[in-house]
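The values are calculated or read from the model by the stated rules, or taken from the named source; none is laboratory data. None of these values were measured; they are calculated from a predicted model. So basically every Cβ, Gly included, is an ideal-geometry build from the backbone, and we count neighbours across all protein chains shown.
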Amino acid sequence: MRLDEFLTRVRDLGEYHSDDEAEQVTRAVLWVIASRVDPAEAAALAARLPAPLDDVLRPERGRPESFGRAEFLRRVAQQTGARPRTAEWDTGAVLATLAEAVPREQVDRLLAQLPADCADLLGGPGGAARRS
């Protein structure tokens, strides 16, 4: 997926006003993912993403940190300056786009390293409730 396609999809799912806003949210979510998952998994994911988004997953951060959904969303909110509920929406838009952009087995590996209660966010903003 090209950068413009990725950002357009995030923008549409998240109902953002611009690609710049979609890129800011995407970078924030990817930054938190990079701190949560194994560096090899982050590198594998980066290899599937367009530049410059791939760079967000490449920083050397050492060992992955272990934290749950609330902390994941708090960190996204901290990066974007949003409230945690908005960060949940933002994370859903980015994760749903990732699920479309990378092979299913890679999505499964990513999910295995994210907090267990984040799987619903792959359904996009609103998570599982949106699919009802």
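List of remarks:
- Single residue of segment 71-88 satisfying the filter (over 11 Å from the mean Cα position of the chain (by Cα) and under 19 Å from Gly123 (Cβ atoms)) that is modelled with the highest pLDDT: Thr86
- Residues in segment 77-118 that are of a type in the set (Lys, Arg), outside any loop (DSSP other than H, G, I, E, B) and over 13 Å from Leu45 (Cα atoms): Arg85 alone.
- Filter pass, Asp19 being surrounded by fewer than 18 Cβ atoms within 10 Å (Cβ to Cβ) and touching a helix residue (DSSP H, G or I) at 6+ places or on another chain (Cβ under 6 Å): yes
- Complete set of residues in segment 112-123 that are among the aliphatic types (A, V, I, L, M) and crowded, with 17+ Cβ neighbours inside 10 Å: Leu114, Leu121, Leu122
- Any hit, segment 68-85, residues being loosely packed, with under 14 Cβ neighbours inside 10 Å and among the acidic types (Asp, Glu): no
- Yes/no for Ala44 being within 22 Å of Met1 (Cβ to Cβ) and over 14 Å from the mean Cα position of the chain (by Cα): yes
- Any hit, segment 102-109, residues being over 16 Å from Met1 (Cβ atoms), of a type in the set (Lys, Arg) and either at pLDDT 90 or above or surrounded by fewer than 14 Cβ atoms within 10 Å (Cβ to Cβ) (or both): yes
- For segment 22-57, the tally of residues that are more than 17 Å from Arg109 (Cα to Cα) and either at pLDDT below 90 or exposed (fewer than 14 other Cβ atoms within 10 Å of the Cβ) (or both) stands at 3.
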